[in-house]
Structures are given as C-alpha cells and as structure tokens.
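Peer 1: First the structure, then my questions, so here it is.
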Amino acid sequence: MNYKSKISIHFAIIIYFNIYFISTVYESSFWGDILSPVGTIIAFIMLFYVYKKSTGMHLIWLFLSLSALFWTMSDIAWAICELILVVNPPNIKIFNFLYLIPNVFILISVLMFFVKISKKFNRIQFLLDIVAISYSSIIIFWNLLMHNSFIAFIRSLDNLILFLYMVSDCIIISSVALLVLSIRKGRIPGGIYLTFFAGGFYSIIDLLCSYDYFYDLYVPNSIIDSGYILSFLLIAYGALLVLKEKNESQVKKFYCEFENSGTSKKSFLLLTFPIIFIIFKGFQYTELILLILTYMFYKILSIYVQNVIKNEKLLIKEKNMNLILEEKINERTKELILKNKELEYISNHDSITKVYNGRYFKNTLADMINSENSSNKITVLYIDFDRFKSINDTYGHDVGDEVLIEISKRLAITNNKDNILARLGG
C-alpha cells in the first residue's frame, strides 16, 4: 500500500468518526446503531492484521482483536434488536454478558503483557509497585464507587455483572499506572504507550458508563459511546505503530533493555491518587492519610530495594570482572606455555634440519650414562659427510642446507622412536 492510499484511509476513518461523534451528540439511535459497529470492525481488521504480521506479542494482539470483534458482534445484535425487531436492547439481559467479553479479552491482553515483561523485573520491586498501585486504587475505587452501593451491587445478577465491569476496568487502569511506574530504565515505544493508554481510556469510559447504568442515567448512542469507539481505534493505531519495521525493532530493543531498577521520579504518580480523591470526595482525612502513607512507605521501601539491587549489580559486575581477569590470566598462561614449548623446541633442535642439535644429544647421552640403568648398552652411530664443504663452496650455502635437509629426512624415515637423530655440526 502506497503513502497516498494510507493517507486516504486515515482521512476516511477520521471523517467516519466525526460523523459518528455528531450522531452521538444528537443521540441518534438510527445512525448510532449503524455507525458504531463500523468503527469496531475497522479496529478489528487493523488489530488482526497486526496479529498476522507481527513477529512478537501474537497472543496479545489476537485477544485485543477478539475484543473488538465481540464488541462489533454485540453492536450488530443491538442494532438488529432496536432497528429491525423493535425491541429495547437495555431490557435484554444477554447484552450485559456480551459487552463484558471485550473487557475480559483486554484484561487478558494486559496481564499477558505484564507476564512477558515481568521476567526481567526485580520481583521485590515489582511486587512493591503492584501493592502500592493496587492499594491506592482500591481506596479510590471503594470510596468513589462502592462505599454506599456495595450491597446493592451484589444484590442481583445484573448488578453483580456491573460490579465485574467496574473491577475489570479498575484493574486495567491500575495496569496502565503500573506500566508507567515500573519501567525505570528503557524507553517505552510509542505504540505500546498508545495501546496501553487507549486501553486505560476505554476502562475510564466503561467505568463512567457502568456508573450511569447502575443509577439509570445511561442513554444509548450518547457521547459516552463514542468514547468506546475512539478507544478501540486508538488501540488499533497503537498496534500499527508497533508493527512498523523501525518501531518493532524498538519494541524488541525495549524488551532487551528495560529494567525496573534505578532512580526514578515516576513514584510521584502515586500522589495523583490523593489529588483525585480530594477532587471527587473532598478532604476526608482518614483516606487521605492512608493514601499519603502508602506513598511514603512505597518511597522508603523503594529506596531500600533499589540500594539492594544496586549492590547486587555491583557484586555481579565485580564477579564478571574477576571472571574476565581469570580468563585473561588463563590466556596468558596458555600463551606462556606455548612460548616455552617453542623456546624448548628451538633450544633442542637444529634450525636447518629440524632434528635434535648437538647440545640436546650430549645432554641426553650424559643422562643415559649416569642413569641407574647405566648397565644398558648404548650405541652411537656417527656419520661424517665427506667433501660437504666443497658443495657449499661450489653451489652456495642454500644448496648445502637443502642437502642436509634431504639427508636428515632420509635418516628420519629409517629412525625408530627409541633412537635419537641429531646433528652435531652447524
């Protein structure tokens, strides 16, 4: 696909969403029911394309594409009921289950991502991050949404399903916060950032929708529904960004280089929880103190854990340096052994004929004579080459050396391992 085609497709999607958004502003049931599945089917096609083409995170993209697919199917079923069967879809209980399935698939994708990246995490720091984010989220979730309504939520099956919606949404939102808080080293690729934040945006929209639905404030095909479609499209665009060759290599690099160790200012993210609490609930000192204490304990324990991690890294680095030093010493020792063998060979062999030299022969002969087995017979065969000097004088020393080498080779052929072949002259 060329550049112009891509621009045209993007432009068409933008026009589509603007038309759909306008229909939700006017709360048009007809156009809302018609246009809503279009956005999610576009998101499904994009996500499934990424699933087929990507070299990593296959299952994550698959589950995200399934979430868009099930949302599309639910929207189509909703449109059939409202436009063709003329039945009010909110009164049909099955839709509460159908629209919960995308939440489950998105949640599975998020958990799979953290399982993938947590293999390189320091587990103590990661557990500390999870506890801090989870505890702060529970305080916010309970006081803002559940404080006076928990019994009502579990009183009926429909409300229990709404409770599951809200729990899954809070877990997804907490996971986005956990991603930001945990990655201390390594740059998070833009595609992953966009996908995660779009998932968080989806969950925020879903929380608001669930809250409205519980209090009978939800209006189908209203502006809040456009938030769902926008979040699915943003998730799909984030996936496409990851798929790009350059960005996909950055993602692979991210998986290799990211860490949850080192100094980071991201811990201030936990301070947003008391700010959110003040905005929506005012100054309720018990909960505010709990949130602030959570931040303080997290900060103190993180400093301690990071110091431990730093010391472990220094210890590992020192061990690696010692291993490198030992390897170099072993290499030098091997080199010295080889050099000594070479020197020993040079000192014991004639440089021209490569047979033993006179010094080695005399020393070996003396050792044989002085050994305990000196009663053994020793035979010495001495060969003198007559008129060898005339060869050197007539043909030169190079030819003379060749003659010596050839004679040595012929003698070596007949020589056995118990004998010593040596050149005494030279």
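Peer 1: Residues Ile101, Ile80: which one is aliphatic (A, V, I, L, M), at pLDDT 90 or above, in a helix (DSSP H, G or I) and surrounded by 15 or more Cβ atoms within 10 Å (Cβ to Cβ)? Full working, then the answer.
Peer 2: Values: Ile80 fails: surrounded by 15 or more Cβ atoms within 10 Å (Cβ to Cβ).
Being aliphatic (A, V, I, L, M), at pLDDT 90 or above, in a helix (DSSP H, G or I) and surrounded by 15 or more Cβ atoms within 10 Å (Cβ to Cβ) holds for just one of Ile101, Ile80, which is Ile101.
Peer 1: Separate question: Could you grab the pairs with beta carbons closer than 9 Å, sequence gap of 6+ or different chains, first residue in the stretch 307-330 and closer than 23 Å to Thr263 by Cβ, second one in a helix (DSSP H, G or I)?
Peer 2: Within 9 Å, the pairs are Val308/Ile124; Ile309/Ile124; Ile309/Gln125.
Peer 1: Just checking, how many residues over the stretch 164-205 are of a type in the set (Val, Ile, Thr) and more than 14 Å from Ile106 (Cβ to Cβ)? Write out each step before concluding.
Peer 2: Going through the stretch 164-205, the residues of a type in the set (Val, Ile, Thr) turn out to be 167, 171-173, 176, 180, 183, 188, 192, 195, 204-205.
When the remaining residues are screened for being more than 14 Å from Ile106 (Cβ to Cβ), the result is 180, 183, 188, 192.
Matching residues across the stretch 164-205 total 4.
Peer 1: Oh, and also: Those residues that are β-branched (Val, Ile, Thr) and surrounded by 19 or more Cβ atoms within 10 Å (Cβ to Cβ), I need them from the stretch 194-246; list them, please.
Peer 2: Initial filter on the stretch 194-246 (β-branched (Val, Ile, Thr)): 195, 204-205, 219, 223-224, 229, 235, 242.
Hits for the stretch 194-246 are Thr195, Ile205, Ile229, Ile235, Val242.
Peer 1: Which residue out of Leu59, Leu64, Leu83 is in contact (Cβ under 8 Å) with a residue 60 or more places away in the chain and of a type in the set (A, V, I, L, M, F, W, C)?
Peer 2: Leu64
Peer 1: With the structure loaded, tell me whether Ser182 is crowded, with 22+ Cβ neighbours inside 10 Å, closer than 20 Å to Leu270 by Cα and under 18 Å from the mean Cα position of the chain (by Cα) or whether it fails that test.
Peer 2: On the way: crowded, with 22+ Cβ neighbours inside 10 Å: yes; closer than 20 Å to Leu270 by Cα: yes; under 18 Å from the mean Cα position of the chain (by Cα): yes.
Yes, satisfied.
Peer 1: Next question, about the same structure. Can you confirm whether Glu27 is acidic (Asp, Glu) and outside any helix (DSSP H, G or I)?
Peer 2: Details: acidic (Asp, Glu): yes; outside any helix (DSSP H, G or I): yes.
Judged against the criteria, Glu27 is a match.
Peer 1: Next question, about the same structure. How many residues does the stretch 207-225 hold that are touching a Gly at 6+ places or on another chain (Cβ under 9 Å) and assigned to a helix (DSSP H, G or I)? Spell out the reasoning first.
Peer 2: Initially, the stretch 207-225 is screened for residues touching a Gly at 6+ places or on another chain (Cβ under 9 Å), giving 208-209, 220-222, 225.
Going one step further and asking which of them are assigned to a helix (DSSP H, G or I), we end up with 208-209, 225.
Counting residues in the stretch 207-225 that are touching a Gly at 6+ places or on another chain (Cβ under 9 Å) and assigned to a helix (DSSP H, G or I) gives 3.
Peer 1: What are the residue pairs meeting all of these: first residue in the stretch 372-391, first residue farther than 18 Å from Leu421 by Cβ and assigned by TED's automatic domain parsing to the domain that holds Asp418, second residue at pLDDT 80 or above and not charged (D, E, K, R), Cβ atoms under 7 Å, and 6 or more apart or on different chains?
Peer 2: Matching pairs, first to second residue: Ile391/Val399; Ile391/Gly400; Ile391/Val403.
Peer 1: If you don't mind, there's one more thing I want to ask. Could you tell me which numbered condition Leu145 fails, if it satisfies all but one of (1) assigned to a helix (DSSP H, G or I); (2) of a type in the set (A, V, I, L, M); (3) modelled with pLDDT of 85 or more?
Peer 2: Only one criterion is unmet by Leu145, namely (3).
Peer 1: Name the single residue, out of those in the stretch 236-278 being basic (Lys, Arg) and part of a helix (DSSP H, G or I), that is modelled with the highest pLDDT.
Peer 2: Step one: list which residues in the stretch 236-278 are basic (Lys, Arg), which gives 244, 246, 252-253, 265-266.
Now drop any that are not part of a helix (DSSP H, G or I), which leaves 246, 252-253, 266.
Numbers: Lys246: 56, Lys252: 63, Lys253: 64, Lys266: 76.
In this case the residue turns out to be Lys266.
Peer 1: Suppose we filter Leu47, Leu35 for residues that are surrounded by 20 or more Cβ atoms within 10 Å (Cβ to Cβ), touching a residue at least 60 places away in the same chain (Cβ under 8 Å) and assigned to a helix (DSSP H, G or I); which single one remains?
Peer 2: Working: Leu35 fails: touching a residue at least 60 places away in the same chain (Cβ under 8 Å).
From the options Leu47, Leu35, the qualifying one is Leu47.
Peer 1: Taking the condition touching a helix residue (DSSP H, G or I) at 6+ places or on another chain (Cβ under 6 Å), part of a helix (DSSP H, G or I), within 17 Å of Trp78 (Cβ to Cβ) and at pLDDT 95 or above, does Phe63 pass? Reasoning before the result, please.
Peer 2: Numbers: touching a helix residue (DSSP H, G or I) at 6+ places or on another chain (Cβ under 6 Å): yes; part of a helix (DSSP H, G or I): yes; within 17 Å of Trp78 (Cβ to Cβ): no; at pLDDT 95 or above: yes.
So Phe63 does not fit the description; no.
Peer 1: Return the residues of the stretch 112-125 that are assigned to a helix (DSSP H, G or I), in contact (Cβ under 8 Å) with a residue 40 or more places away in the chain and under 15 Å from the mean Cα position of the chain (by Cα); say none if nothing qualifies.
Peer 2: Going residue by residue through the stretch 112-125, those that are assigned to a helix (DSSP H, G or I) are 112-120, 123-125.
Retained after the next criterion (residues that are in contact (Cβ under 8 Å) with a residue 40 or more places away in the chain): 112-114, 116-117, 120, 124-125.
Across the stretch 112-125, the qualifying residues are Met112, Phe113, Phe114, Lys116, Ile117, Lys120.
Peer 1: List the number of the failed condition for Tyr304; all other conditions in (1) of a type in the set (Phe, Trp, Tyr); (2) farther than 30 Å from Ser54 by Cα; (3) at pLDDT below 85 hold.
Peer 2: Every listed condition holds for Tyr304 apart from (3).
The values are calculated or read from the model by the stated rules, or taken from the named source; none is laboratory data. Computed from a predicted structure; not experimentally measured. Don't worry about glycine lacking a Cβ; one is built from the backbone with ideal geometry, like all the others, and counts go over all protein chains shown.
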